[in-house]
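Notes follow the structure.
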Amino acid sequence: MTHKPQRLLREGMLAAARRHPDKVALIIEGKTYTYGQLLETASRMAAALLRYGVCPGDRVAIFMDNTWPCVISIYGTLLAGGVFVMINPQTKADKLHFLLTDSQAKILLSDSHLASVFVGPGQEVVSVVCVIYSGKAVPIIPAGEKSFADLESVLAENAPLEHPVSVIPNDLAALIYTSGSTGFPKGVMQTHQSMVFAAWSLIEYLRLSEHDKTLLVLPLAFDYGLYQLLMTMKLGATLVIERSFIFPALVYKRMVAEAVTVFPGVPTIYSLMVAAHKREKLCFPGVTRVTNTAAALSAEFVPYLREIFPNALIYKMYGLTECKRVCYLEPELLMEKPASVGKAIPGTEVFLLTAEGEPVPPGGQGILHVRGPHVMAGYWNQPELSRKMLKPGRLPGERILCTHDLFRMDEEGFLYFIGRNDDMIKTRGEKVSPVEVENILYSIPEVKEAAVVGVADETLGQAIHAFLVLGQDCAITERQVQKICMARSENFMIPARVIFLDQLPKTANNKIDKLALGRWNDEES
């Protein structure tokens, strides 16, 4: 049987639903959903979005947990020709307001338990014409012109869309927001073409098939989590979704019960697993692939992971939102090249250049550049930032991605991460702008000066350390500062440590010297 090529992001799910509508596509917290159910329900969602005025290219914000409504929202948006915008469910109201405003989202899809966060922004942002929420009724919804609707009623009122709205591969499929150095998130524009290419490239090097069952404990709002869904749908495989890794014992039971074969994780998850394994042996012989990204996988973890997953290939990878994935290390080379993050993913090219744009010889240090169909189209409404990241390529009109990260490449073409060339912090798999955290700290009345730096951490990648100078006769504790940050930002942005100093070190230009603060951390440890 000849399969049509998949040019659009939605076409993997459509093809799988045609081939085997009764196959289990998703197992969400123990409940199964077939490809046929996914197609029908997502088609109802698409019809509803069209009814609310969504046109090709309109943005649909998805502010949800890892749930069935979240999955149908993604594919409903794609079937309607819209552009989905994933928003972390930990996001607070001010940031949600910014993201809705910046993306000019037409529809906001959320969960009723997040109503205290979404009601205000959903009503205030002019571009949002409707808020659709899953779950129980929300009593705090105000009366007014803004439309609020519950998902169950919306799906019941709309017949499935017969034909997906026409778009082409060059059209946007998603806006994926990532922290910016200015303190405001920036929307990475990814086309259908770039996301389809990335998904198939990952499938190729991970050696996945339609028979695999992947476990997802990472947020769908995190692109590493999102791509587990996209790859599963492309293959017509099965995805086992949990809301989080908060209750590991339940996750372990699910892994065994559902015969999971692929386990994607980050160092924080592997750290918890290794610690548990040291107390009482864990073993999942059915898992055949283990993947890690977001932060470097500690070499100390590898022997334990081999015990926990005795039949698994273990993949180390490096990437950034602007191109999804840059490189991977073949699992057979894990012990031979333990410090390397590997070579370019299939169908792409990487190379190192000096700050002046000259090629770097093998063994030298340079700025990593990425060439391939997976490179973003740019940042949403940010032409200057786009020009900073997208540079002229070798061919006329071509643009390549300048990561601004420092790497070394050996004679065989294997990459070794040296460090970031900016002050962005990579923690728990998320990029955090120090400015964004500092803005919260400066809102605390007792704080006179604040500086935030990232400190190397084996488990987190980097830990956030905040240095504060308090006003005269002012007092506040580390725990109080952390609680204020917790109320105003996502969990991964909360400082792991708050250090109080009499004064912050300054440069000759009277700017806060963050390099000196980094050295202070080294000396104290």
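The values are calculated or read from the model by the stated rules, or taken from the named source; none is laboratory data. This structure is a prediction, so every number in the text was calculated from the model and none was measured. FYI the Cβ positions are ideal-geometry reconstructions off the backbone, even for glycines, and counts take in every protein chain you see.
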Q | Residue that is out of contact with any Ser or Thr (no Cβ under 6 Å at 6 or more places or on another chain), surrounded by fewer than 20 Cβ atoms within 10 Å (Cβ to Cβ) and part of a loop (DSSP other than H, G, I, E, B), where the choices are G363, G347 | A | G363
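Would you say L8 is in contact with a Leu (Cβ under 6 Å, 6 or more places away or on another chain) and touching a residue at least 12 places away in the same chain (Cβ under 8 Å)? Walk me through how you get there before you give the answer.
Numbers: in contact with a Leu (Cβ under 6 Å, 6 or more places away or on another chain): no; touching a residue at least 12 places away in the same chain (Cβ under 8 Å): yes.
Here the answer is no, as L8 does not meet what is asked.
Please enumerate the residues belonging to segment 326-342 that are out of contact with any helix residue (DSSP H, G or I) (no Cβ under 6 Å at 6 or more places or on another chain) and either in a helix (DSSP H, G or I) or within 24 Å of M424 (Cα to Cα) (or both). Don't jump to the end; show me each part of the working.
Quick first cut of segment 326-342, residues out of contact with any helix residue (DSSP H, G or I) (no Cβ under 6 Å at 6 or more places or on another chain) only: 326-327, 329-342.
Those that are out of contact with any helix residue (DSSP H, G or I) (no Cβ under 6 Å at 6 or more places or on another chain) and either in a helix (DSSP H, G or I) or within 24 Å of M424 (Cα to Cα) (or both): V326, C327, P331, E332, L333, A339, S340, V341, G342.
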Q: For residues that are of a type in the set (K, R) and surrounded by 12 or more Cβ atoms within 10 Å (Cβ to Cβ), scanning just segment 376-403, find the one that is nearest to S194 (Cα to Cα).
A: R399
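Look through K278, K234 and report the one residue that is without any contact (Cβ under 8 Å) to a residue 40 or more places away in the chain, charged (D, E, K, R) and touching a helix residue (DSSP H, G or I) at 6+ places or on another chain (Cβ under 9 Å). First the steps, then the outcome.
Details: K234 fails: without any contact (Cβ under 8 Å) to a residue 40 or more places away in the chain.
One residue alone meets the criteria, K278.
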(Q) Just to be sure before I move on: is L220 buried (at least 20 other Cβ atoms within 10 Å of the Cβ), within 18 Å of the chain's Cα centre (by Cα), farther than 19 Å from Y315 by Cα and not polar (S, T, N, Q) in the structure I sent? (A) yes
Q | Residue under evaluation T41, criteria (1) over 17 Å from Q228 (Cα atoms); (2) within 19 Å of the chain's Cα centre (by Cα), criterion not met | A | (2)
(Q) Condition check: in a helix (DSSP H, G or I), surrounded by fewer than 23 Cβ atoms within 10 Å (Cβ to Cβ) and touching a residue at least 12 places away in the same chain (Cβ under 8 Å). Does L14 satisfy that? (A) yes
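Which of the residues spanning segment 222-254 are part of a strand (DSSP E or B) and of a type outside the set (A, V, I, L, M, F, W, C)? Quick ask: steps written out before the conclusion?
First, the residues of segment 222-254 that are part of a strand (DSSP E or B): 238-241.
If the condition is that a residue be part of a strand (DSSP E or B) and of a type outside the set (A, V, I, L, M, F, W, C), then T238 is the only one that fits.
Among the residues of segment 120-152 satisfying the criterion of being among the acidic types (D, E) and at pLDDT 90 or above, which is nearest to F63 (Cα to Cα)?
Restricting attention to segment 120-152, the residues satisfying the condition of being among the acidic types (D, E) are 124, 145, 150, 152.
Checking which are at pLDDT 90 or above leaves us with 124, 150, 152.
Numbers: E124: 16, D150: 14, E152: 17 Å.
Among them, the one singled out is D150.
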Q: Inspect segment 172-187 for any residue being over 26 Å from G429 (Cα atoms) and in a loop (DSSP other than H, G, I, E, B) and give the result as yes or no.
A: no
Q: Take G378 and decide whether it is of a type in the set (G, A, S) and touching a residue at least 24 places away in the same chain (Cβ under 8 Å).
A: yes
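Conditions (1) under 23 Å from I72 (Cβ atoms); (2) exposed (fewer than 15 other Cβ atoms within 10 Å of the Cβ); (3) of a type outside the set (S, T, Y), marked per residue:
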{"position": "F118", "(1), (2), (3)": "yes, no, yes"}
{"position": "V126", "(1), (2), (3)": "no, yes, yes"}
{"position": "Y133", "(1), (2), (3)": "yes, no, no"}
{"position": "I141", "(1), (2), (3)": "yes, no, yes"}
{"position": "L175", "(1), (2), (3)": "yes, no, yes"}
{"position": "V188", "(1), (2), (3)": "no, no, yes"}
Q: Could you tell me whether segment 418-428 includes any residue that is modelled with pLDDT of 85 or more, closer than 15 Å to G180 by Cβ and within 23 Å of the chain's Cα centre (by Cα)?
A: yes
Q.
Go through (1) surrounded by fewer than 24 Cβ atoms within 10 Å (Cβ to Cβ); (2) under 23 Å from V217 (Cα atoms); (3) touching a residue at least 60 places away in the same chain (Cβ under 8 Å); (4) not small (G, A, S) for Y33 and report which single condition fails.
A. (3)
(Q) All but one of (1) more than 19 Å from G187 (Cβ to Cβ); (2) under 27 Å from the mean Cα position of the chain (by Cα); (3) not hydrophobic (A, V, I, L, M, F, W, C) hold for P160; state the number of the condition that does not hold. (A) (2)
Q. From the residues in segment 485-517 that are surrounded by 14 or more Cβ atoms within 10 Å (Cβ to Cβ) and assigned to a strand (DSSP E or B), which one is modelled with the lowest pLDDT?
A. I512
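For segment 169-197, give me each residue that is in contact (Cβ under 8 Å) with a residue 40 or more places away in the chain, over 27 Å from F98 (Cβ atoms) and touching a strand residue (DSSP E or B) at 6+ places or on another chain (Cβ under 9 Å).
Within segment 169-197, the first condition is being in contact (Cβ under 8 Å) with a residue 40 or more places away in the chain, and the residues that meet it are 169, 171-197.
When the remaining residues are screened for being over 27 Å from F98 (Cβ atoms), the result is 169, 193, 196-197.
The answer is P169, Q193, V196.
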(Q) Please go through (1) touching a Leu at 6+ places or on another chain (Cβ under 9 Å); (2) in a helix (DSSP H, G or I) for F263 and return the number of the only condition it doesn't satisfy. (A) (2)
Q. Among the listed residues F84, F98, which satisfies the condition of being aromatic (F, W, Y), surrounded by fewer than 23 Cβ atoms within 10 Å (Cβ to Cβ) and either assigned to a helix (DSSP H, G or I) or assigned by TED's automatic domain parsing to the domain that holds E162 (or both)?
A. F98
Q: Tell me which residues, restricted to segment 432-459, are assigned to a loop (DSSP other than H, G, I, E, B) and surrounded by fewer than 21 Cβ atoms within 10 Å (Cβ to Cβ).
A: S443, I444, P445, E446, E458, T459
